[in-house]
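The structure appears below as structure tokens.
Just so you know, all these numbers are worked out from the coordinates, no wet-lab data involved. Because the structure is a prediction, the values reported are computed rather than measured. Virtual Cβ from ideal backbone geometry, glycine too; neighbours counted across all protein chains shown.
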Amino acid sequence: MPKRPFHPSDEPHPGGAKTAYRQRTEFEPGALEPERFELFEAPRYEFGIGPAFSRRAFWQSAGAGILLTVCFPLRAQKSGTVSSPGEEISARYLFEESGSITGFTGKVELGQGSRTLLTQAVAEEFFVPVSQVSLVMGDTSRVPDDGGTWASLTTPQTVPAVRATAAFARALFLAAAAQAWGIGAGELRLADGAVAGPQNRRMPLFEAAKLAKESAPPPPAERKPVPPGEWKVLGQSVPPVRGRSIVTGAPIYASDLRLPGMLFGAMVRGPHYKAKIERIRGAERLPASVTVVHDGDFLGVVAPDALTARAAAQSLGVVWDASTLVQEAKLVEHFKESAREPVFVEGARYPALLQKGDAYNGYFAAPRKLATAYTTAYVAHVPLETSSAVAVWEGDNLTVYYGCQAPFLTMELLAKTFRIPEANVRVVASDTGSGFGGKQGGLVAVEAARLAREAGKPVKLCFTRDDEFQANYFRPAALVEVRSGANPNGQIQAFDFHNYNSGASGLPIPYNFPSYYLGYHPAATPLRQGSYRALAAVANTFARELHMEEWAVGLREDSIAFRLRHIDDARLKEAIARGAEKFGWGKGSGRPGVAQGMACTIEKDARLAFFVELQAGGKDVKLLRALMVFDPGAVLNPDNLRNQITGNVIQAIGPALFEQIQWDETRLRTRRLSQYRLPRFSDVPEVEVELIDRREIPAAGAGEAPNTVVAPAIAAAIRRATGIWVRDLPLLPALAAALDARRAPRGQRPPAR
Amino acid sequence: MPVYRLTINGTARDVETAEQTLLLDLLRDTLGLTGTKYGCGEGQCGACTVLVAGKPVKACLTTASQVAGQPVETIEALASPQQLHPIQDAFLSHAAFQCGFCTPGMIMAVKALLTETASPSTEQIEERLEGHICRCGTHPRIVEAVKTAAKKIRAANSAEEGNRRA
């Protein structure tokens, strides 16, 4: 038997990130699993402030109205790929005499429409207009822990939870009114914010809620959510509920918050990516209004205004002991050297190992073989609002206002960092200027809290753009090695797929290969890395889809025809067929350098087929038009879904073509927007979105999946336009290198990989 | 510290502040006009765009002293309590945003554009907004919103013109 060429070393993983995140998500049975949580770094700091004594009342007064908490055990989820959100569903609704309903949710709004979508769900189930519903989101002292806003789970998990709990409450109201009126609940229904009965009887929800507190829980048959066929609010293009506020500049993001007596913080991180503080000079020359906070490798300042804080941070003379980083050019080698074997974990949402048959020997036995390798660079999220938080201490009670994705994880991180009980910590998530996975950590909250602790006053810390690059985590770089073997007819029989470092999401294949090995090898990373929109599914789908394209080209077969003979899933087939028709697949414009490319996948239960047409000229590529066919099952808000998909396609252009984090011995070379190219208006093609709405199928989340298919379709089109296979993301620098290598005289060409 | 006479959104006031104080910090921290945003601090993203004497200016690269004596206009002054500005209205009707963080800067830049060019082409719109980053990827909606706004403003202007002549 041939020796396994992809054998990684069995050395223990030097990164070894055991974290609060990991504990919370890995060891609680049934808890939500954030995408690739193990990529989180260990907490950066630990600031014990000693034992704390006071406990805060967990639930704050909800104001006038009837607060109903619905809590019941959850039966097993139907969908196999989504783990259940805990042992029970709990939800809180506040009913006021005015008729308004407030829902309390642990989810937050990052710009992806969760506020509008959850508002729709509440309105649908209580039969009230959207305008009568408001939400309290992400305030840990007021809302249930719904898990972080990540992994596209709001749609497949939180919406059903809201619908189920609201339906339960609705049944309680009907039962209460029936009892009060002495008639059968079957004769009653909800209409216009009230229970309605025969002879124009009406009981407002506020009154019904008062009575319902005493009612016995209704039998399960009577508490079913409104069936999709009868939806009046869900399934509609309800406009963003905070739209008017947004266009007037009124929303208060964390970076906008001002509290009485608030001071401004700034962090001192120095020029190196990883460094320890040796000496600090110049603190004595700072104005008296400035407080320097130095605690281990934590160094920051607090001042009465932002200008003074920044100036003070810059003027401190710090001698750093910098760590040398693994060279960029040696990264792939480094991943292979440090990699561990994939391990199958039962019940994981993103299993690191999926196997069927004997792909390893199947590859060697196959008469036709293909072996290729792909890489992706580290990329930054660049949320337009940098990470920002305002921290306030009252004794040993801490409140942090933070534009974040995971308020409860931040609460836990703060409690651990300062060694205080979680009950002493309140995290209030504000709406935030986007996240894309970059605001799941709590670094800015910890740093703001540390500064505020020292200053004895509320402190606002808004990361500078440099802080965001230097201190936050990136999307992990990846090496993906793929080998596959086909029979004489070009039907793939064995598929051997190895992701190094970037993760397990997107490993499952949409193809009917009789044998496969799909593995994720954790490796040591020189840069901080963590979650990112669709995370590893981008690298994995890029590698898999481009590999499929290489087969098709090698066999002189159409990209779609080749795929279709490997696909069984009827929905995916339909998405591809519809797209090919609508896009005009194969109908070339005839213009020189213009070519089409496509890719498809099943990601987070959604079916996607993506088509792109581009023009390649020299080292540049101009995207001309694109089409995404998207089948998520039920479409809950068509316009918001289109906005999400279009936006995700446009965002994905960056890491596909030009975004990459670069570094030298000890420093990042990409620390400002002027050093890090992002998609701008001139990069954006015409983007069409075709939705396939299947009301009867539970809705899949859509905030991430479109990210996965953009790069491989572009790379396929570049191959058709230029004859060059570009297997590294971002594609433009790799294309330029390939063109340079072509022109280089014989003997000076770098060896092909 | 020196005192500068600033005219912000039509209101003149004397502000005592350091010479190097950025217009962005002054608007946000001193005056509480937080619709103007920090995105990069180097004029790359456009989130801090305000109008100074009608021209788009990056407030993160402008000091308070530089705008003394000139009218400064921010997103907060665009709508009246009763009515949105047509540009805001168009952004709203096209849902030309997601997180909304870039929106104020975009809208201010568009206001300057439409003052200069009543019916900008797609290319002119894209060229003018090239210095603005939208991370959520709502670019096509923004272009459509600008066209809708231009149309509305032209219609309103010609109606006004008609009234004046009548």
Exercise for review: Please sort by residue number the GluC sites (Glu not before Pro) in region A:608-713 whose DSSP state is loop and whose Cβ has at most 14 other Cβ atoms within 10 Å.
Suggested key: A:Glu665, A:Glu696
Study note, to complete from the structure: Expressed in µm² per second, the diffusion coefficient of region A:553-608 from the Stokes-Einstein equation, with Rh the Kirkwood radius over alpha carbon pairs, at 20 °C and 1.002 mPa s, is 171
Exercise for review: Would you kindly state how much longer the chain becomes between A:Asn487 and A:Ser237 on full extension, computed as 0.36 nm times their sequence separation minus their alpha carbon distance, in nm to one decimal?
Suggested key: 85.2 nm
Review point. Setting aside same-chain residues fewer than 8 positions from A:Lys604, which aspartates and glutamates have a Cα under 15 Å from its Cα?
Key: A:Glu33, A:Glu35, A:Asp569, A:Asp631, A:Glu704
Review point. With no solvent and one point on each alpha carbon, what is the Debye value of log10 I(q)/I(0) for region A:220-353 at q = 0.15, 0.16, 0.20 Å⁻¹?
Key: -0.91, -0.94, -1.13
**Study point:** Net charge of Cβ neighbours under 9 Å - reference A:Ala634; Lys, Arg +1; Asp, Glu -1
**Key:** 0
Point to revise | Signed unit charges on C-beta, dipole axis of the protein assembly as shown, positive-most listed residue A:Asn200, A:Thr646, A:Val136 | key: A:Thr646
Point to revise | A:Glu284 paired with B:Ala118, simple spin-label distance in nm, labels 7 Å along Cα-to-beta-carbon | key: 6.9
Point to revise | Residues of region A:497-530 with amide N under 11 Å of a point placed 7 Å along Cα→Cβ from A:Phe344 | key: A:518
Check your understanding: Is region A:601-731 rounded, prolate or oblate when judged by the Cα gyration tensor, a ≥ b ≥ c being the square roots of its eigenvalues, rounded requiring a/c under 1.5 and prolate requiring a/b larger than b/c?
Key -> prolate
Check your understanding: Around A:Phe127, with a cut-off of 14 angstrom between Cβ atoms, what is the net charge of the other residues, counting Lys and Arg +1 and Asp and Glu -1?
Key -> +1
Practice item. Work out the length of the dipole vector of the protein assembly as shown about its Cα centre, built from +1 on the beta-carbon of each Lys and Arg and -1 on the beta-carbon of each Asp and Glu, and round it to the nearest 20 debye. Key: 1260
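Using 0.36 nm per residue, how much length does the chain from B:Glu161 to B:Glu130 gain when fully extended, once their Cα-Cα distance is taken away?
Stretched out fully, the B:Glu161 to B:Glu130 stretch lengthens by 7.9 nm.
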Point to revise | Difference of contour (0.36 nm per residue) and Cα-Cα distance, A:Arg677 to A:Ala741 | key: 20.6 nm
Practice item. Evaluate the charge dipole of region A:383-441 about its Cα centre and quote only its size in Debye, nearest 20, assuming +1 on the Cβ of each Lys and Arg and -1 on the Cβ of each Asp and Glu. Key: 140
Check your understanding: What 222 nm value per residue comes from the helices of the protein assembly as shown, counting each DSSP H run with n ≥ 4 as -39,500 (n - 2.57) and dividing by all residues, nearest 500 deg cm²/dmol?
Key -> -8500 deg cm²/dmol
Check your understanding: Dipole of region A:558-616, Cα-centred, from +1 at each Lys and Arg C-beta and -1 at each Asp and Glu C-beta, to the nearest 20 debye?
Key -> 120
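What translational diffusion coefficient, in µm²/s and rounded to a whole number, does the Stokes-Einstein relation yield for the protein assembly as shown at 20 °C and a viscosity of 1.002 mPa s, taking the hydrodynamic radius as the Kirkwood radius over Cα pairs?
D, rounded to a whole number, is 73 µm²/s.
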**Study point:** Reachable aspartates and glutamates, given that their alpha-carbon falls under 12 Å from the alpha-carbon of A:Lys619 and they are not under 8 places away in the same chain
**Key:** A:Asp740
Practice item. Measure up A:Lys224/A:Lys356; A:Lys276/A:Lys457; A:Lys573/B:Lys152 against 32 Å on the Cα-Cα distance and list the ones that go over. Key: A:Lys224/A:Lys356; A:Lys573/B:Lys152
Point to revise | Residue-count net charge about A:Pro730 - beta-carbon cut-off 14 Å; Lys, Arg +1, Asp, Glu -1 | key: -1
Practice item. Please check which bits of region B:39-70 a label hung off B:Ala12 would reach, taking the label as a point 7 Å along Cα-to-C-beta and the cut-off as backbone N under 17 Å. Key: B:53, B:67-70
Point to revise | FRET efficiency, 1/(1 + (r/R0)^6) with R0 60 Å, evaluated for A:Gln662 and A:Arg556 via beta carbons | key: 0.95
Practice item. Given a cut-off of 18 Å, name the pairs among B:Lys55/B:Lys111; B:Lys58/B:Lys111; A:Lys416/A:Lys460 whose C-alpha atoms lie farther apart than that in the structure shown. Key: A:Lys416/A:Lys460
Check your understanding: Three principal axis extents, largest first, for the C-alpha atoms of region A:124-273, in Å?
Key -> 74, 34, 31
Point to revise | Cα coordinate range in region A:424-540, projected on the principal axes (Å, largest first) | key: 74, 28, 26
Check your understanding: So in the protein assembly as shown, what percent of DSSP beta bridges are antiparallel if you round to the nearest 5?
Key -> 75
Exercise for review: For region A:498-579, count all C-alpha to C-alpha pairs, find those more than 20 Å apart, and express that count as a whole percent of the total.
Suggested key: 43
Review point. If each of A:Lys587 and A:Asp568 carries a label point 7 Å out from its Cα toward its Cβ, how far apart are those two points in nm?
Key: 3.5
Review point. Taking each residue of A:670-681 in turn, how many C-beta atoms of other protein chains fall within 10 Å of its C-beta, and what is the average?
Key: 5
Practice item. Set the Förster distance to 25 Å, then compute FRET efficiency between A:Arg201 and A:Glu222 from the Cβ-Cβ distance, nearest 0.05. Key: 0.85
Practice item. Quote the FRET efficiency, to the nearest 0.05, computed for A:Glu214 versus A:Arg695 with a Förster distance R0 of 25 Å and r equal to the Cβ-Cβ distance. Key: 0.10
